[in-house]
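Comments concern the structure below.
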Ligand code: FES
């Protein structure tokens, strides 16, 4: 049981309280604190990035085996909403087909997060748009196998 991201429990508790009082569910808070899919993939098959109208930026790294997304990571320079949405998106697409990921929408990610503040819903859009951009760019570069 090797958990690298153990942080000062007191600091984490304070942060959890702040996020909970601003409208984040426990699940969304856990995604934000644990950041299970934050980072890069050195031998990724596709890397794409996008900057939202708020100025926050995300990069997504996809590892593919044929049509299956075997792994994904996000680097996020952005808010708690952006980070939790990106992490939830990976849980939804890992092991799924590219088509499944292409059909993923903001509502699907919101369901996983359960609750985030209303004014943070555009952060979910940024995570989903970044994913869709990566799928488009991969297909453009490698041909549409269908
Ligand atoms: Fe920019 Fe959340 S405020 S993605």
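The values are calculated or read from the model by the stated rules, or taken from the named source; none is laboratory data. If you're wondering where the values come from, they're calculated on a predicted model, not measured in any experiment. Here Cβ is always computed from backbone atoms with ideal geometry, including for glycine, and neighbour counts include all displayed protein chains.
Within region 18-34, the set of residues being within 15 Å of the ligand (Cβ to nearest atom) and surrounded by fewer than 17 Cβ atoms within 10 Å (Cβ to Cβ) comprises 22, 23.
Taken over region 90-146, residues that are within 16 Å of the ligand (Cβ to nearest atom) and not in a helix (DSSP H, G or I) amount to 3. Of the residues making up region 78-99, not a single one is surrounded by 14 or more Cβ atoms within 10 Å (Cβ to Cβ), closer than 20 Å to residue 141 by Cα and within 14 Å of the chain's Cα centre (by Cα).
Does residue 9 meet the test of being touching a helix residue (DSSP H, G or I) at 6+ places or on another chain (Cβ under 8 Å) and more than 16 Å from the ligand (Cβ to nearest atom)? In short, no.
In region 49-63, the residue that is surrounded by the fewest Cβ atoms within 10 Å (Cβ to Cβ) out of those that are part of a strand (DSSP E or B) and within 16 Å of the ligand (Cβ to nearest atom) is 51. When residue 76 is tested against (1) touching a helix residue (DSSP H, G or I) at 6+ places or on another chain (Cβ under 7 Å); (2) within 26 Å of residue 99 (Cβ to Cβ); (3) away from the ligand (no atom under 15 Å from the Cβ), exactly one condition is not met: (3).
In the set (1) in contact (Cβ under 8 Å) with a residue 40 or more places away in the chain; (2) more than 24 Å from residue 23 (Cβ to Cβ); (3) more than 16 Å from the chain's Cα centre (by Cα), residue 118 fails one condition alone, (2).
For residue 41, are the conditions met, namely being touching a helix residue (DSSP H, G or I) at 6+ places or on another chain (Cβ under 8 Å) and either within 16 Å of residue 137 (Cα to Cα) or at pLDDT 95 or above (or both)? Don't jump to the end; show me each part of the working.
On the way: touching a helix residue (DSSP H, G or I) at 6+ places or on another chain (Cβ under 8 Å): no; either within 16 Å of residue 137 (Cα to Cα) or at pLDDT 95 or above (or both): yes.
The answer is no for residue 41.
Residue pairs whose Cβ atoms lie under 6 Å apart, separated by 6 or more positions or on different chains, with the first residue in region 75-93 and closer than 13 Å to residue 24 by Cβ and touching a residue at least 12 places away in the same chain (Cβ under 8 Å) and the second part of a loop (DSSP other than H, G, I, E, B) and more than 9 Å from the ligand (Cβ to nearest atom), are 81/116; 87/36; 87/37. Residues that are part of a strand (DSSP E or B) and touching a strand residue (DSSP E or B) at 6+ places or on another chain (Cβ under 7 Å) within region 64-86 comprise 64, 68, 69, 70, 71, 72, 73, 74, 75, 76, 77, listed in sequence order.
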